[in-house]
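Q: The structure's right below; bear with me while I get my questions together.
The values are calculated or read from the model by the stated rules, or taken from the named source; none is laboratory data. It should be emphasised that the depicted structure is a prediction, and the values quoted were computed from it without experimental measurement. Neighbour counts are summed over all protein chains in view; Cβ atoms, including those assigned to glycine, are modelled from backbone coordinates with ideal geometry. Side chains included, ligands, DNA and RNA excluded: accessible areas come from the protein's heavy atoms. Shrake-Rupley method; radii C 1.70, N 1.55, O 1.52, S 1.80 Å.
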Amino acid sequence: MSGRVIMPNPVLSREEAPLVFVTELLTKRQVPHVPPVCTSSLDSITRPALVQIAKGFSSLVVTCCDEEEACEALFKLYPAVREMAEVNPNFFNELLVLAGVRLLRESKRYALFRLFLGAFLSIFDTAMDIYMVFVFRSTGQHGFARATMVCVASNMALQLLIAFVQNREKGVSVVLREFAAVFLCIKPGLDSMRVALDEEMEEKSIMDAKTELAYTKAAGLFAESLPGALIQMLAFIAGTDQSLVVVLSLASSVITGAFISTFISYDLDVDKRRRKFRPDTYGYIPDGLWKRLGTFACMLLMSGTQLFTKAFSCALCAVVSTPLLVASIFGEVGLFLIYKLLRQDFLYWLPIPGVVGATIAFFIRIITKIIVDFTALVHFRNPHELGGIFFTFTLAVSPLTCLYFGHRYLAYVADPSNASKLTWVLSSSTVYRIIFGLFFLQISNFVMFLKLIKPKFRSSFLSFETSCQKTMSIFMDGRDDSTKILVFEDNHAKWAPIKDDVKVWLNDTLPKLLEEQPEWFNNQVKATIPDNFVDDPAVLKSIRGEAVKNPAVLKSIR
């Protein structure tokens, strides 16, 4: 009886291993969800082991923020690769190039996905709102129809304003192109593609692609998705039509709002520039495909349940008393504004001084507070927005107000004269089941979210740090000059207590920067430096050059 002898895989030499590894890296294969384990050293490495490492590299490229992070993780996981880099110093640079190529390919694929998803959600939500205008009119609910039309028009108006402000210096053709994207409802998808492709900030733009995307999405949230969800909820509870179309429209608004708010936080957190220069604020989303997907899912469910809870709460309150609803919403907003004033933290981070800056701060504070009230947008826990402790306070108050308005609603419909005004009345068991079910979902999602994020960021949800303190920490705790100079991007009133120290550092550092000309010291950075902070006229002339002074440059959302 004879059998086939299975030969063991030969061990590759130190010279062969890098060549075989690069060949395997260039081979297209399915990306594993988790990097495979391989503890082989370079002296015992085989081709199958290198195949596993190549798969691990593909997985790391997908889950890491940039090529450097992917290569560092690769060296940490696989001793053989680390030894290859020690033997051949150029091997690390070759890996960076390969990782960059892979990252670009994946980002293009991701960009297409985001483009179609963003366009689909925007078009579907807007189409449903427009359709609901006709439904409301056909059923005689003209108030709901007018309110929905105002939401759609307000969203488009805000997006047109953002597009105009961003592109007004680029010519009429560019402005018209952006306007067309707004009217076709694909502006968020178009901006998502620009962000995914990591496009540089264009000349004559006042903000980078990621900031523009965040503002465009926030405008859609504030003007259409959130009020749309409230209108649909109120129409379902107190209207004359509880058909499937109303339910679908309500679901569309809730899902769109949840996705948009989640995308804003997720995109900002995984941005490599923000993670590099502000590691204390960005980077809470963990590495690893499944952990990232889990974190994204938790954020999506948090936002969805918060939006449904707030819409349900407001709808119940509106049935009882519209003035009470208005007082409730603006009472919470007023409490937030008083909190910011008492902490001397009212002004926004945008470098716009005077009355104009204060007016802009007033409206932005209101918008961000309402967005968090309805969506629990995680990024707005940032001290430049709500701050950690007030963000958590807002989430805690939401189910309590829902419970209170549920009680007021049940007391209201208990009177037969009031109940007769409604097409249908929710029973007490239904109301309390919805409220406590939503409360359970909110708590469980938030706990799971805190469990999944990186541990050092959990305390940020209870932080009392103000925007002024955060801005000053940019300079005081900055690791190098490229971080310290970011202080000029923020409102100068935020760091007025340390302006003398900043000026001394700047005048000591500028001659070195002008001589070395590091890559990050570009015209955009130079444009943020105030003229009165540079003592030497020759130095001021050198840094100006082509860098036109533009204090309104918005390089990032803090």
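Q: I'm told residue 555 meets every condition in (1) out of contact with any strand residue (DSSP E or B) (no Cβ under 8 Å at 6 or more places or on another chain); (2) modelled with pLDDT under 80 except one. Can you identify the failing condition by its number?
A: With respect to (1) out of contact with any strand residue (DSSP E or B) (no Cβ under 8 Å at 6 or more places or on another chain); (2) modelled with pLDDT under 80, residue 555 is out only on (1).
Q: Another one. Can you spot a residue in the range 353-370 that is open to solvent by less than 50 Å² (accessible area, probe 1.4 Å), within 16 Å of the chain's Cα centre (by Cα) and either modelled with pLDDT of 90 or more or closer than 20 Å to residue 260 by Cα (or both)?
A: Yes, the range 353-370 has at least one match.
Q: If you don't mind, there's one more thing I want to ask. Hey, any hits in the range 215-226 for a residue that's touching a Pro at 6+ places or on another chain (Cβ under 8 Å), charged (D, E, K, R) and either in a loop (DSSP other than H, G, I, E, B) or free of Cβ contacts under 8 Å to residues at least 60 places away in the same chain (or both)?
A: Among the residues of the range 215-226, at least one is touching a Pro at 6+ places or on another chain (Cβ under 8 Å), charged (D, E, K, R) and either in a loop (DSSP other than H, G, I, E, B) or free of Cβ contacts under 8 Å to residues at least 60 places away in the same chain (or both), which makes the answer yes.
Q: Is one or more of the residues making up the range 486-500 over 19 Å from residue 352 (Cβ atoms) and part of a loop (DSSP other than H, G, I, E, B)?
A: If we filter the range 486-500 for residues that are over 19 Å from residue 352 (Cβ atoms), which is where we start, we get 497-498, 500.
This time we only want the ones that are part of a loop (DSSP other than H, G, I, E, B), so: none.
No, because not a single residue in the range 486-500 is over 19 Å from residue 352 (Cβ atoms) and part of a loop (DSSP other than H, G, I, E, B).
Q: Which pairs turn up if I take residues in the range 12-25 that are farther than 17 Å from residue 71 by Cα and in contact (Cβ under 8 Å) with a residue 60 or more places away in the chain and look for partners that are of a type in the set (Val, Ile, Thr) and open to solvent by 30 Å² or more (accessible area, probe 1.4 Å) with beta carbon separation below 8 Å, at least 6 apart in sequence or on another chain?
A: 14/87
Q: Further question: Regarding residue 229, is this residue open to solvent by less than 20 Å² (accessible area, probe 1.4 Å), modelled with pLDDT of 85 or more, assigned to a helix (DSSP H, G or I) and hydrophobic (A, V, I, L, M, F, W, C)?
A: In short, yes.
Q: In the range 309-321, is there at least one residue being among the basic types (Lys, Arg) and crowded, with 19+ Cβ neighbours inside 10 Å?
A: Yes.
Q: Name every residue in the range 358-393 that is aliphatic (A, V, I, L, M), without any contact (Cβ under 8 Å) to a residue 40 or more places away in the chain and under 17 Å from residue 307 (Cβ atoms), in order of residue number.
A: 372
Q: Being under 29 Å from residue 372 (Cα atoms) and small (Gly, Ala, Ser) is the requirement here; does residue 467 meet it?
A: In short, yes.
Q: Let me ask another. State the number of residues belonging to the range 465-485 that are part of a loop (DSSP other than H, G, I, E, B) and either touching a residue at least 60 places away in the same chain (Cβ under 8 Å) or under 30 Å from residue 392 (Cβ atoms) (or both).
A: Residues flagged as part of a loop (DSSP other than H, G, I, E, B) and either touching a residue at least 60 places away in the same chain (Cβ under 8 Å) or under 30 Å from residue 392 (Cβ atoms) (or both) within the range 465-485 amount to 5.
Q: Further question: Please give the number of the condition residue 519 fails out of (1) of a type outside the set (S, T, N, Q); (2) in a helix (DSSP H, G or I); (3) open to solvent by 70 Å² or more (accessible area, probe 1.4 Å).
A: (2)
Q: Further, regarding this structure: Considering (1) assigned to a helix (DSSP H, G or I); (2) open to solvent by 30 Å² or more (accessible area, probe 1.4 Å); (3) over 18 Å from residue 408 (Cα atoms), say which one residue 336 fails and leave the rest.
A: (2)
Q: Okay, moving on. Under the condition of being polar (S, T, N, Q) and outside any helix (DSSP H, G or I), which residue from the range 120-151 is nearest to residue 220 (Cα to Cα)?
A: Narrowing the range 120-151 to residues polar (S, T, N, Q): 122, 126, 138-139, 141, 148.
Right, trim to outside any helix (DSSP H, G or I) and you get 139, 141.
Numbers: 139: 27, 141: 24 Å.
Here the answer is 141.
Q: Only one residue in 2, 59, 40 is at pLDDT 70 or above, not β-branched (Val, Ile, Thr) and not in a helix (DSSP H, G or I), so which one is that?
A: Just one listed residue meets the conditions, 40.
Q: Further, regarding this structure: Please verify whether residue 282 is modelled with pLDDT of 80 or more and not in a loop (DSSP other than H, G, I, E, B), treating the condition exactly as stated.
A: Numbers: modelled with pLDDT of 80 or more: yes; not in a loop (DSSP other than H, G, I, E, B): no.
Taking the combined requirement at face value, the residue does not satisfy it.
Q: Please state which of the following conditions residue 413 fails to meet, knowing it meets all the rest: (1) open to solvent by less than 40 Å² (accessible area, probe 1.4 Å); (2) closer than 28 Å to residue 224 by Cβ; (3) of a type in the set (A, V, I, L, M).
A: If we test residue 413 against (1) open to solvent by less than 40 Å² (accessible area, probe 1.4 Å); (2) closer than 28 Å to residue 224 by Cβ; (3) of a type in the set (A, V, I, L, M), just (2) comes out false.
Q: Sticking with this structure for a sec: Among residues belonging to the range 457-485 that are crowded, with 20+ Cβ neighbours inside 10 Å and touching a helix residue (DSSP H, G or I) at 6+ places or on another chain (Cβ under 8 Å), point out the one that is nearest to residue 386 (Cα to Cα).
A: Per the stated criteria, the residue is 467.
Q: Can you pull out every residue in the range 380-396 that is part of a helix (DSSP H, G or I) and open to solvent by 10 Å² or more (accessible area, probe 1.4 Å)?
A: 380, 381, 389, 390, 392, 393, 395, 396
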